[in-house]
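Asker: Supplied in structure tokens, the structure appears directly below.
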Amino acid sequence: MDDESNAPTLKDIADAAGVSVASVSKVLNNRGGVGDESRRKILDHAERLGYQVRAARSLIRAGVESTVLVMPAQFYASSAFYEDVIQGVLSEASTSSLRIDVRLVSLDAEIAIGEITDILRDIRPGALVLLGMDHPVMIDRIVDSGIPAVIINGMDRTMRLSCVLPDNWSAGWLAAQRLLAAGHREIVHVTIPHRLSLRRRLEGFRVALEEAGIVFDENRHLFDLGGMGLQEPDTTPAIRQALQQGRFTDTTAFFCSTDLIAINVMQALEAGSHSVPDDFSIIGVDDIAIARHSRPPLTTMRIDRGELGRAGIQLLLERINDPEINVRRVNLGVRLVERASVAAPRKQHEC
């Protein structure tokens, strides 16, 4: 409908979707309070009737025809964490009439830098979303291109690109606080600190120990899978071997940097005839779906992954609408989800 006087109204969309005008207004203005099914129905009818939301008009004025979402292929194919983030990105983009084109790149940073350079040169996207990647050279190339861009679940330490990520430091600090409150003092952090986000979880963990009067000692409190050249799938055999070698003789609890690592640690302990939480307590981070179904169900720090994706697109739209707006770094809160993998230390059980 080119003639603005003939453009569909909120009431037209409400009648077609069988919902209230208030619900239509909430969805088209990107507010909460409307269920997913009703939201999809409203957006479908709005598109069919030719309704153009305010964000769409802004995109047209800015000349942004498409946005490229760049992420490692390995995340897309096998990451339980990133599935919900992607859904959040796509949902928010749909609400804002932002077309997303996905481009998969290598997990290897050096290869991915070349692939991102090719994307910027050949595709010439109107905007770009970098998901789970924050290598400094990648950021340099994107900034030099001049296109609007954001990072989701990563961080530009030079503060040239806006980004949204979980408050990883607080995730580590809060997890350690929970274990300390249960009476644990011999806590081991199991991690692969190859990215800044995971190193921040380690920092929060370390500070919590030191605030409790415990001097952090890498040999005592850290099990660095990455330092051994290992990945998440290698966690179970690595922990089993360490148990056999007496590495965890005094340990009473594990704080794991991801739920997948935590579940692998559980499996290693079970194979060694150890019980969780009677012999060892465990806390993870992420709250992926299988955390609810581990044996026992995993206590974890929950990250709202859908919100990560939605917030990233909101930051991008801000940048598109106002290229001079201040760069923003948004840390989303995390929260403890209590299940059944934490108890008092075994020595207290024996008393």
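What follows draws every value from the coordinates through simple rules; no lab data is involved. All values reported here derive from a predicted model rather than from experimental measurement. For neighbour counting, all protein chains shown are included, and Cβ atoms are generated from backbone atoms with ideal geometry for every residue, glycine included.
Asker: Along the positive direction of the dipole of the chain (beta-carbon charges: Lys, Arg +1; Asp, Glu -1; about the Cα centre), which of P148, L130, A289 reaches farthest?
Answerer: Checking the options against the dipole of the chain, the answer is A289.
Asker: For helix 196-211, report the angle its Cα long axis makes with the longest principal axis of the Cα atoms of the chain; keep it between 0 and 90° and round to the nearest 10°.
Answerer: Approximately 50 degrees, to the nearest 10.
Asker: If one computes the Cα centroid of region 251-272 and of region 198-219, what distance in Å separates the two points?
Answerer: 18 Å
Asker: Next question. How big is the shadow of the Cα convex hull of region 4-51, averaged over all directions, in nm²? Please list the in-between numbers first.
Answerer: Working: hull surface 12.0 nm².
With every direction weighted equally, the projected area is 3.0 nm².
Asker: Might you report the magnitude of the Cβ-based charge dipole of the chain about its Cα centre, with Lys and Arg at +1 and Asp and Glu at -1, to the nearest 20 debye? Please list the in-between numbers first.
Answerer: Working: 39 positive and 47 negative charges, 111 e Å.
With only Lys, Arg, Asp and Glu charged at Cβ, the dipole is about 540 debye.
Asker: Follow-up question, since we're still on this one. Work out the charge dipole of region 4-51 with +1 on the Cβ of Lys and Arg and -1 on the Cβ of Asp and Glu about the Cα centre, then indicate which of L49, G32, T9 is farthest towards its positive end.
Answerer: G32
Asker: While we're here: Give me the net charge for the shell around A16: Cβ to Cβ below 13 angstrom, other residues only, Lys and Arg +1, Asp and Glu -1. Write down the numbers at each step before the final one.
Answerer: Details: positive: K11, K41, R48; negative: D12, D15, D44, E47.
Overall, the nearby charge balance is -1.
Asker: To test your reading of the geometry: what angle, between 0 and 90 degrees and rounded to tens, separates the Cα axis of helix 235-244 from the longest principal axis of the chain?
Answerer: For helix 235-244, the angle is close to 10 degrees.
Asker: When the Cα atoms of the chain are enclosed in a convex hull and the volume is divided per residue, what value in Å³ results? Kindly include the intermediate steps, with their values, before the conclusion.
Answerer: Working: hull volume 53.0 nm³, N = 351.
Normalising the Cα hull of the chain by residue number yields 151 Å³.
Asker: Quick one: net charge around A340, please, counting Lys, Arg +1 and Asp, Glu -1 for every other residue with C-beta under 13 Å from its C-beta.
Answerer: Combined, the nearby Lys, Arg, Asp and Glu give +1.
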